[in-house]
Structures are given as C-alpha cells and as structure tokens.
Amino acid sequence: SQSRYNTSSDYRVKKDIAPLAEPNGLAVIKALQPKTFSMIADQSGTMRKGFLAHEFQEILPSGVSGEKDGVDENGKPIIQQLDQTTVIPDLVLAIQQLSAMVEALMGEQE
C-alpha cells in the first residue's frame, strides 16, 4: 500500500490566488540551512538530513508549529514540529528562476 500525504489543493477551495514571486524561490532556498543530525531517541545513531525547526521558522514560518525553547506549565519541553513539504513551492520557483537564468546566459553566448 502506498502512503500519501494529501492536502486540499482543488482551486475551488482557494481564494486570492496569485503567482508566487520574489522574494520567494531562490532567495528562500539560499536562506535555508540544511543539516545532518541523529535523533537523541534513536540509539542506532542513524544520520538524517533535514532542518532545525527554529531556523526553518525564520524563513518559512508557516511550516513550523510551536516556538523555540517552548515549555509547558511544568517546564516540560513542547517540541516544535516542522512540515518540510512547505518548501516545495519555493523549490519549484527556484528551479524555474535558475532555468530562466541559464536560458538567458545561453542566449547571450549564441
């Protein structure tokens, strides 16, 4: 069975639709700080790739819930959650922007 993470993307449930534009795309991707890390609870020490939620939140706040160093009334950490899929529109725009730059440079060389 294939796992799917579907969201409501039908145009009929959206409003105020506009093209994604600067300072998104390449600027966002350049600002992100990908990391390698292992999880404290994972005794195998498996290295993973990803982001630190509080750093990601500075660039794409809609992709993170919770606040850096948040704690509950007993001082227990409230762990931030990160949805890495929120970067996909900016990745697509960045590729489109890079493609346009390459095409412009290739045109200049002819």
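The values are calculated or read from the model by the stated rules, or taken from the named source; none is laboratory data. Keep in mind that what you see is a predicted model, and the values were worked out from it rather than measured. As a convention, Cβ positions derive from the backbone with ideal geometry for all residues, glycine included, and neighbour counts pool all protein chains shown. With ligands, DNA and RNA removed, areas are computed over all heavy atoms of the protein, side chains included. Shrake-Rupley method; radii C 1.70, N 1.55, O 1.52, S 1.80 Å.
The table below gives the values:
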read-out: Flag if ILE95 is modelled with pLDDT of 95 or more, part of a helix (DSSP H, G or I) and either open to solvent by 50 Å² or more (accessible area, probe 1.4 Å) or under 17 Å from ASN24 (Cβ atoms) (or both); value: yes
read-out: Of all residues in segment 19-36 being open to solvent by less than 70 Å² (accessible area, probe 1.4 Å) and either touching a strand residue (DSSP E or B) at 6+ places or on another chain (Cβ under 6 Å) or assigned to a loop (DSSP other than H, G, I, E, B) (or both), the one that is nearest to ASP83 (Cα to Cα); value: LEU32
read-out: Subset of segment 8-50 (residues that are among the β-branched types (Val, Ile, Thr), out of contact with any helix residue (DSSP H, G or I) (no Cβ under 7 Å at 6 or more places or on another chain) and in contact (Cβ under 8 Å) with a residue 12 or more places away in the chain); value: THR36
read-out: Scan of segment 46-65 for residues that are open to solvent by less than 60 Å² (accessible area, probe 1.4 Å), part of a helix (DSSP H, G or I) and either of a type outside the set (Val, Ile, Thr) or over 20 Å from LEU93 (Cβ atoms) (or both), ordered by number; value: ALA53, HIS54, GLU55, PHE56, GLN57, GLY63
read-out: Number of the condition not met by GLN43 [criteria: (1) closer than 24 Å to GLU67 by Cβ; (2) open to solvent by 100 Å² or more (accessible area, probe 1.4 Å); (3) among the polar types (S, T, N, Q)]; value: (1)
read-out: When residues of segment 68-91 are limited to those that are in contact (Cβ under 8 Å) with a residue 60 or more places away in the chain and out of contact with any helix residue (DSSP H, G or I) (no Cβ under 7 Å at 6 or more places or on another chain), the one surrounded by the most Cβ atoms within 10 Å (Cβ to Cβ); value: PRO89
